[in-house]
Amino acid sequence: MTRRDALDMFLLSAFWGVSFLLIRLSGEVFPPVWVALLRSVFGAAVLLLALRLGRHTLPPARLWKPLLLVALFNNVIPWSFFAWGEQTVSSNIAAIINATTPLFALLIGLTLRDTRLSGLTLGGVLLGLGGVALTVSGGLGGGHATLHGVIILLLASLGYAIATTIAKRTLGGLNPVGLATTQLGLSSVMLLPVALIGPAPAPLTLTAVGAALFLGVVGSGLAYLLYYGLLARVSPTQVTAVTYALPVWGLGWAALAGEPVGALSVLGVLVVLSGLGLINLPPRAKPGATPLRTDA
């Protein structure tokens, strides 16, 4: 890994990590669907510019069904639900709940028999869920979360996992910039009518508008470009390591913004990271055996 790769991974984790705080700040003025819409529009504008400058190709029209589903479950639902859930859940707890995404993805893979369950994997899932439970219990007890908000955030994380499964099965081999541009374009189209018939934004503030702009341009558009750029240069396993930093960034940005960060949240992060670490441990190959491919 080069210095540029390390810097890009650091920036990507910071951009995604601050998104949870930006969602909360945007939500002080914009209803949840509007937060998702602005994020999609601003992010799509950045990606469309990159698409034109880099002469990338869009996905073929025949894939419109899986493209719509991925945009729905990866952008429309989770981005709206995170903004909705963070109305009653602090952003640092939301960042930790987001760490359930790989756990949900693993459970879906087991259900569809795409993944095999090992003792370490099972232990990692249980440990990860236990860490989230610690965080949620601390938030509920301290008045920084509601059960209703937690359920909404868990559904958002489940949406990410469903989108990952659909994309893996149907959208492999496509130009990544073209795919991301299409996703955000489709999510913008789906969100616009819902936003227009729903509640209107409150009187605008510089903080909320700036948060929404930064969330779309940097936390979505530039973050996608960094992510796919890294995938082209380093292994998917190394890029996945960014996931480990998101709850930590979530706690850090929230603390800087003056949000209360409880001891159970810190402990929950450590337990969740331990669980994710167990899940991602490479399997031991038996002596003399040929290692199985894991990129199918």
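Name the shape class, rounded, prolate or oblate, that the alpha-carbon gyration tensor gives for segment 3-137, where a ≥ b ≥ c are the square roots of its eigenvalues, rounded holds for a/c under 1.5, and otherwise prolate holds if a/b is larger than b/c and oblate otherwise.
Oblate, because a/c is 1.5 or more while a/b does not exceed b/c.
Taking a spot 7 Å from the Cα of R52 along the direction of its beta carbon, which residues of segment 155-185 have an amide N less than 18 Å from it?
Residues 177-185 qualify, since their backbone N sits under 18 Å from the label point.
Can you give the longest run of the chain that contains no trypsin sites (Lys or Arg not before Pro) sitting in a DSSP loop with at most 12 other Cβ atoms inside 10 Å?
It works out to 117-283.
Based on the Cβ-Cβ distance from W64 to A263, what FRET efficiency comes out when R0 is 51 Å, to the nearest 0.05?
0.55
Gap in Å between the Cα centre of segment 73-144 and the Cα centre of segment 160-221?
The two parts, judged by their Cα centres, are 20 Å apart.
Pick out, from P201, L67, L103, the residue whose Cα sits farthest towards the positive end of the charge dipole of the chain, with +1 on the Cβ of Lys and Arg and -1 on the Cβ of Asp and Glu.
It is L67.
What are the extents of the Cα atoms of the chain along their three principal axes, listed from largest to smallest and rounded to whole Å?
68, 51, 39
Do me a favour and compute the ellipsoid semi-axes for segment 97-248 from its Cα gyration tensor, root of five times each eigenvalue, largest one first, whole Å.
The three semi-axes for segment 97-248 are 28, 24, 16 Å.
For the chain, what does -39500 (n - 2.57) per DSSP helix run (n ≥ 4), summed and divided by total residues, give at 222 nm, in deg cm²/dmol to the nearest 500? Please list the in-between numbers first.
Values: 14 runs with 211 residues, N = 296.
It comes out at -23500 deg cm²/dmol, rounded to the nearest 500.
Please give the charge dipole size of the chain, origin at the Cα centre, charges +1 on K and R Cβ atoms and -1 on D and E Cβ atoms. Round to the nearest 20 debye. Before the final figure, lay out the partial values.
Values: 16 positive and 7 negative charges, 204 e Å.
For the chain, the charge dipole is close to 980 debye.
Just going by the charge dipole of the chain, with Lys and Arg at +1 and Asp and Glu at -1 on Cβ, which of G85, L140, Y244 is farthest out on the positive end?
Most positive-ward Cα: Y244.
At 7 Å along Cα-to-Cβ for each site, give me the label-to-label distance between A6 and L270 in nm.
Distance between the two pseudo-spin positions: 2.6 nm.
Indicate the helices, whole DSSP H runs only, in the chain that combine a mean Kyte-Doolittle hydropathy of 0.0 or more with a Cα extent along their long axis of 24 angstrom or more.
Helix filter hits for the chain: 3-26, 32-54, 119-142, 147-170, 176-197, 263-279.
The numbers here are math on the coordinates, done by the rules we state, and not lab data. Fair warning: this is a prediction, and the values are worked out from it, not measured in the lab. So basically every Cβ, Gly included, is an ideal-geometry build from the backbone, and we count neighbours across all protein chains shown.
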